[in-house]
Amino acid sequence: MKNIYKIVLLFAAFLVVSNAQAQSVYDNYRDPDSKGRRLEVYGQNLFDLNHFQDLNGDTITSMNLNLRADYRQWRFTQSMLVGGYVNTGVNYNSHKHNSGNSIGRTDFDAVTYGAASYYFSPNQFYVTGALGLSYATFSQDTGTTTTGSISRNEGPGYLWGNVGYGRIYNAGRIKDAINIEDAMRQGGVITGTLPNSVTVAIAKLVTQRDNGDFDAASHDDQDIQFFNALQSLLQRDGVVSGDFTMAQTIRIYEALNNTRGRYVNYPRYVGYQFQVQAQWQLFNQTKNKPHDHHLAFDAVFGKALSNNTSFLLSGFFGMALDSLASGLAPSAGFGGPGSFQNYLPFIPDLNNLDFFVRSDGTGLYKIGYVGFKDKFFGARADIFHSINSRAGIRGAIEFSSLSFNQSGLDPRTTIGAEARLDYNITHWLRSYVQAGLNKISGTGERDLEYNAAIGFVWRVLGNN
């Protein structure tokens, strides 16, 4: 295992020295201002009717009605980041038997989450606060006179807050901008290499598109608005003089959406960030005194070592503040652990409340919630390398230690390593190979564990 650490560190040091100049375009990236809102109303099986016989020959008519709504709004600037969402829905289900017995159930749930981060100075000191509330209830008619109807309701709620320093960005949109640049060059839009300032500006447009800015401003014409903005940017900087042709537009669109599977895209983190964060449970499912209170210290450092390689180092220390803490992630209503869409537990690049887009975050390393006043700390190093546009490799090594508050239990230490090769053989056949190993010592000790897997996605019919 020591040799693995040495190899990774030597490789990283070599790339830092040999590619210092190539990284500047990534280091210069900063997220653009972003704002928007979205309301979705949907019915999954809005009306579903079934008529069938069970094994006893009884005829059953089943009906289900479902309606949900989701509203999200955000505004991100360099100093203030504010966002929130409300998700709610109702469902009605009934079963009628020809014997006359009837069962009906009505469910309702609602979840709301709001948060704000404020930087006292750009990319330096900041504070964050967030509130998450949920409520779920159901009422069921059992169809029997003895039992009658039953009902239940739950409403877990949480308060989060942290203070920290620094800011980490996922500059992977720079690579998207470079892919667009290649497409423009192949299509005859440009002949040379774009200045770094133009590449960064294109990356910011892509970020705004992914965040949903163009969709929020003009839902029916979001891509038209994006291409108008891209064309205006290139004309303003003197890169192009005329309009895109249809073929050029389609070529850029395919690069933007990776419709042909030409690119293996990895995150590229730049910057650093460390913070102290706390979770305080306001209400729990049992309606008794809440106990899931947690405190964590975490840090992350990201560096684009070259145009094709990036490095991520992260570490954390977490502990439960209550001896009766469950050790489970926050849950909403009747949902299980993790059903609350909060992003404060050690995903620093999503500390900007980027709940609107599910992107690769430093969730590559996720802190684990612990209970009973146990303590948990660890560190991890990730490296991503694009071999070419169609192939890439990622690797990681990690260490963690769980110290138990209960006497007589030795700390549980885990050391692991993993690697994965991604290869888009063609636009319709994508594959990967991955392998890893883990060693656990102390309480729950295990022998060295190995794992390996291969997989592929084959588009047999239809266009990408």
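The values are calculated or read from the model by the stated rules, or taken from the named source; none is laboratory data. Computed from a predicted model, the values in this text were never measured in an experiment. Cβ sites come from the backbone with ideal geometry, for glycine too, and all protein chains shown count toward neighbours.
Would it be correct to say that Asn66 is assigned to a strand (DSSP E or B) and over 36 Å from the mean Cα position of the chain (by Cα)? Judged against the criteria, Asn66 is not a match. Considering every residue within segment 123-138, establish whether at least one is surrounded by 17 or more Cβ atoms within 10 Å (Cβ to Cβ) and without any contact (Cβ under 8 Å) to a residue 24 or more places away in the chain. No, because not a single residue in segment 123-138 is surrounded by 17 or more Cβ atoms within 10 Å (Cβ to Cβ) and without any contact (Cβ under 8 Å) to a residue 24 or more places away in the chain. Checking the stated criteria, Asn179 turns out to be at pLDDT 80 or above and within 25 Å of the chain's Cα centre (by Cα). Tyr85 - would you say it is under 32 Å from the mean Cα position of the chain (by Cα) and either modelled with pLDDT of 80 or more or small (Gly, Ala, Ser) (or both)? Taking the combined requirement at face value, the residue satisfies it.
Of the residues Asp58, Asp107, Asp31, which is on the phi < 0 side of the Ramachandran plot and over 32 Å from the mean Cα position of the chain (by Cα)? Just a single option satisfies the conditions, and that option is Asp58.
Checking the condition at pLDDT below 85 and buried (at least 17 other Cβ atoms within 10 Å of the Cβ), which residue from Gln231, Gln281, Gln248, Gln222 passes?
Details: Gln231 fails: at pLDDT below 85; Gln281 fails: at pLDDT below 85; Gln222 fails: buried (at least 17 other Cβ atoms within 10 Å of the Cβ).
Just a single option satisfies the conditions, and that option is Gln248.
Pairs are defined by a Cβ separation below 9 Å, a sequence spacing of at least 6 or placement on different chains, a first member in segment 312-327 that is at positive phi, and a second member that is part of a loop (DSSP other than H, G, I, E, B); the pairs so defined are Gly327/Asp292; Gly327/Gly368; Gly327/Tyr369; Gly327/Val370; Gly327/Phe372; Gly327/Asp374. Screening segment 142-250 for helices (runs of 4 or more DSSP H) wholly inside it with 3 or more residues that are of a type outside the set (Phe, Trp, Tyr) and under 30 Å from Gln279 (Cβ atoms) returns the ranges 196-211. Examine segment 251-266 for a residue that is of a type in the set (S, T, N, Q), in a helix (DSSP H, G or I) and either touching a helix residue (DSSP H, G or I) at 6+ places or on another chain (Cβ under 8 Å) or in contact (Cβ under 8 Å) with a residue 24 or more places away in the chain (or both), and state whether such a residue exists. Checked against the condition, which is being of a type in the set (S, T, N, Q), in a helix (DSSP H, G or I) and either touching a helix residue (DSSP H, G or I) at 6+ places or on another chain (Cβ under 8 Å) or in contact (Cβ under 8 Å) with a residue 24 or more places away in the chain (or both), segment 251-266 yields no hits at all. Residue count for segment 299-318, restricted to those that are farther than 30 Å from Ala177 by Cβ and buried (at least 18 other Cβ atoms within 10 Å of the Cβ): 3.
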